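Below: one structure, written as structure tokens.
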Amino acid sequence: MTTPRAVIFGVEGLRLNPAERAFLREAAPWGFILFARNVKSTAQLRALTDELRDSVGREAPVLIDQEGGRVQRLRAPHWREFLPALDQMARARDPMRAQWLRNRLIAAELHDVGIDVNCAPLADLVEDGTHPVLLNRFYGGDVQTVVAAARACADGLLAGGVLPVLKHVPGYGRARVDSHLDLPRVDVPLDDLRARDFAPFRALADLPMAMTAHIVMTALDPARPATVSPVVMDAVRREIGYDGLVMTDDISMEALSGTPATRAAAAIAAGCDVVLHCNGRLPEMHEIAGAVPLLDGRAMDRAGRALDWRRAPDDCDINVLEVELHALLEAGPA
């Protein structure tokens, strides 16, 4: 079996085209990520996930962002619609039980179409001035609540046979701009970062995978975003104590500078294990494949340990769980 490359790629459409298939066979990415452009129906999506794995000749992880609310790639009429996370937290009679139920239902839908990794939970904290594009994706503003909700999310996904990805390490709540378009900067003392931003991630450091934040924390590195900063990545490992697989957020986002290849190489050099590239543009993918290594050493070990978390879904009656979630939301907060 070919050793996987330290990259996760998106693809262009509903099925692989011949050029993509040939490239993926040669590039051997560790995994894949899907977006709304890749989704039409359950049968089509199952066929695509089978094709992706067949292209690399192994049970590669297939990721998606299915948080619910605005960030939800699978939508009606084929899949359930979910409230934004912060809205559900405020509305539910038992927020943590509702969080588990929500994510157990999401996991059932993902597992059914061959998707085995969901880019959730979020352990970022709501702050005064958190950018609106982020705000209602979060679970709350205090560490205890966010940790409990993130844990419930992860447990619900795992019970459904789907691996969680903890995001956005080392903390994204202080972002005042959207990193899809610009680079956020955080100018607070390191002690404040340790007490708030890092704290939820430290409490959830046992989870198998985490995703970086494209954010500058000037107390650690005034020049470079976390994704490409050896100083910040060292803090993730030492201060936060995270020894799982670290993947970048999408390196095609405008928060980062340089070519796709230089961004990818910088992220690996900084200490990220795997690069995430989402836009499906094949010329960029060729560049990145030439810039990132095959997995080896500690990165290979972390990748293997992450996939060791995969398991079959627990037995349950999905319809019963759905009724319970609706009842908790209709009852309103206690």
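Residue by residue, here is whether (1) under 19 Å from Ala210 (Cα atoms); (2) among the basic types (Lys, Arg); (3) touching a helix residue (DSSP H, G or I) at 6+ places or on another chain (Cβ under 9 Å) holds:
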{"site": "Leu16", "(1), (2), (3)": "no, no, yes"}
{"site": "Ser41", "(1), (2), (3)": "no, no, no"}
{"site": "Arg46", "(1), (2), (3)": "no, yes, yes"}
{"site": "Thr49", "(1), (2), (3)": "no, no, no"}
{"site": "Glu81", "(1), (2), (3)": "no, no, no"}
{"site": "Leu86", "(1), (2), (3)": "no, no, yes"}
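Does the stretch 12-22 contain any residue that is more than 24 Å from Asn136 (Cα to Cα), modelled with pLDDT of 95 or more, in a strand (DSSP E or B) and among the aliphatic types (A, V, I, L, M)?
If we filter the stretch 12-22 for residues that are more than 24 Å from Asn136 (Cα to Cα), which is where we start, we get 12-22.
Subset that is modelled with pLDDT of 95 or more: 12-22.
Add one more test, that the residue is in a strand (DSSP E or B), and what stays is none.
Within the stretch 12-22 (the criterion being more than 24 Å from Asn136 (Cα to Cα), modelled with pLDDT of 95 or more, in a strand (DSSP E or B) and among the aliphatic types (A, V, I, L, M)), the answer is no, since none of the residues qualifies.
Within the stretch 175-206, how many residues are farther than 20 Å from Asp142 by Cα and among the aliphatic types (A, V, I, L, M)?
Count: 3.
Condition first: out of contact with any helix residue (DSSP H, G or I) (no Cβ under 9 Å at 6 or more places or on another chain) and either closer than 22 Å to Asp187 by Cβ or part of a helix (DSSP H, G or I) (or both). Now tell me which residues in the stretch 110-134 satisfy that.
First, the residues of the stretch 110-134 that are out of contact with any helix residue (DSSP H, G or I) (no Cβ under 9 Å at 6 or more places or on another chain): 111, 119, 128-134.
Residues satisfying the conditions are His111, Asp128, Gly129, Thr130, His131, Pro132, Val133, Leu134.
Would you call Ala312 of a type in the set (Gly, Ala, Ser), closer than 29 Å to Asp250 by Cα and in contact with a Cys (Cβ under 9 Å, 6 or more places away or on another chain)?
Values: of a type in the set (Gly, Ala, Ser): yes; closer than 29 Å to Asp250 by Cα: yes; in contact with a Cys (Cβ under 9 Å, 6 or more places away or on another chain): no.
It is false that Ala312 is of a type in the set (Gly, Ala, Ser), closer than 29 Å to Asp250 by Cα and in contact with a Cys (Cβ under 9 Å, 6 or more places away or on another chain).
Scan the stretch 251-275 for residues that are out of contact with any Lys or Arg (no Cβ under 9 Å at 6 or more places or on another chain), surrounded by fewer than 24 Cβ atoms within 10 Å (Cβ to Cβ) and closer than 16 Å to Ala210 by Cβ and jot them down.
Once the filter is applied, which keeps residues that are out of contact with any Lys or Arg (no Cβ under 9 Å at 6 or more places or on another chain), surrounded by fewer than 24 Cβ atoms within 10 Å (Cβ to Cβ) and closer than 16 Å to Ala210 by Cβ, the stretch 251-275 yields only Ile268.
What pairs come up if the first residue lies in the stretch 108-129 and is of a type in the set (S, T, N, Q), the second is part of a loop (DSSP other than H, G, I, E, B), and their beta carbons are under 9 Å apart, counting only those six or more places apart or on different chains?
From the stretch 108-129, the pairs are Asn118/Asp65; Asn118/Val162; Asn118/Val165.
Please count how many residues of the stretch 293-334 are on the phi > 0 side of the Ramachandran plot, modelled with pLDDT of 95 or more and either in contact with a helix residue (DSSP H, G or I) (Cβ under 9 Å, 6 or more places away or on another chain) or not in a helix (DSSP H, G or I) (or both).
Start the filter on the stretch 293-334 by keeping residues that are on the phi > 0 side of the Ramachandran plot, which leaves 297, 332.
Next cut, modelled with pLDDT of 95 or more only: 297.
Keeping just the survivors that are either in contact with a helix residue (DSSP H, G or I) (Cβ under 9 Å, 6 or more places away or on another chain) or not in a helix (DSSP H, G or I) (or both) gives none.
So the answer is 0.
Could you tell me whether any residue of the stretch 70-84 is part of a helix (DSSP H, G or I), farther than 25 Å from Tyr139 by Cβ and in contact with a Ser or Thr (Cβ under 8 Å, 6 or more places away or on another chain)?
Checked the stretch 70-84: no residue is part of a helix (DSSP H, G or I), farther than 25 Å from Tyr139 by Cβ and in contact with a Ser or Thr (Cβ under 8 Å, 6 or more places away or on another chain).
Could you please find all residues in the stretch 135-180 being surrounded by fewer than 21 Cβ atoms within 10 Å (Cβ to Cβ), within 28 Å of Val228 (Cα to Cα) and either touching a Lys or Arg at 6+ places or on another chain (Cβ under 7 Å) or of a type in the set (A, V, I, L, M) (or both)?
The answer is Leu135, Val143, Val147, Val177.
Pick out the one residue from Ala43, Ala27, Ala36 that is small (Gly, Ala, Ser), over 22 Å from Pro121 (Cβ atoms) and surrounded by fewer than 17 Cβ atoms within 10 Å (Cβ to Cβ). Steps first, please.
Details: Ala27 fails: surrounded by fewer than 17 Cβ atoms within 10 Å (Cβ to Cβ); Ala36 fails: over 22 Å from Pro121 (Cβ atoms).
Just a single option satisfies the conditions, and that option is Ala43.
What's the number of the only condition in (1) out of contact with any helix residue (DSSP H, G or I) (no Cβ under 6 Å at 6 or more places or on another chain); (2) under 30 Å from Asp308 (Cα atoms) that Asp192 fails to meet?
Result: Asp192 fails condition (2) only.
Select, from Arg137, Arg53, the only residue that is in a helix (DSSP H, G or I), closer than 27 Å to Val274 by Cβ and of a type in the set (Lys, Arg). Outline the logic, then answer.
Working: Arg137 fails: in a helix (DSSP H, G or I).
Result of the check over Arg137, Arg53: Arg53.
Does the stretch 78-130 hold any residues that are under 27 Å from Ala205 (Cβ atoms), surrounded by fewer than 18 Cβ atoms within 10 Å (Cβ to Cβ) and within 19 Å of the chain's Cα centre (by Cα), and which are they?
Hit for the stretch 78-130 is His111, nothing else.
Kindly check whether there is at least one residue in the stretch 199-207 that is at pLDDT 95 or above, closer than 21 Å to Leu134 by Cα and over 18 Å from the mean Cα position of the chain (by Cα).
Yes - at least one qualifying residue is present in the stretch 199-207.
Please find, within the stretch 280-292, the residue that is surrounded by the fewest Cβ atoms within 10 Å (Cβ to Cβ) out of those that are at negative phi and outside any helix (DSSP H, G or I). Show your work before the answer.
Applying the first criterion (at negative phi) to the stretch 280-292 yields 281-292.
Keeping just the survivors that are outside any helix (DSSP H, G or I) gives 281, 292.
Numbers: Arg281: 14, Val292: 23.
Checking each candidate, the answer is Arg281.
Restricting attention to the stretch 25-50, which residues are part of a helix (DSSP H, G or I) and closer than 18 Å to Asp250 by Cβ? Before the answer, list the steps.
Applying the first criterion (part of a helix (DSSP H, G or I)) to the stretch 25-50 yields 25-27, 36-38, 42-50.
Of everything in the stretch 25-50, those that are part of a helix (DSSP H, G or I) and closer than 18 Å to Asp250 by Cβ turn out to be Ala27, Ala36, Arg37, Asn38.
The values are calculated or read from the model by the stated rules, or taken from the named source; none is laboratory data. Quantities reported herein were computed from a predicted structural model and do not represent experimental measurements. In this analysis, Cβ positions are derived from the backbone assuming ideal geometry, glycine residues included, and neighbour counts consider all displayed protein chains.
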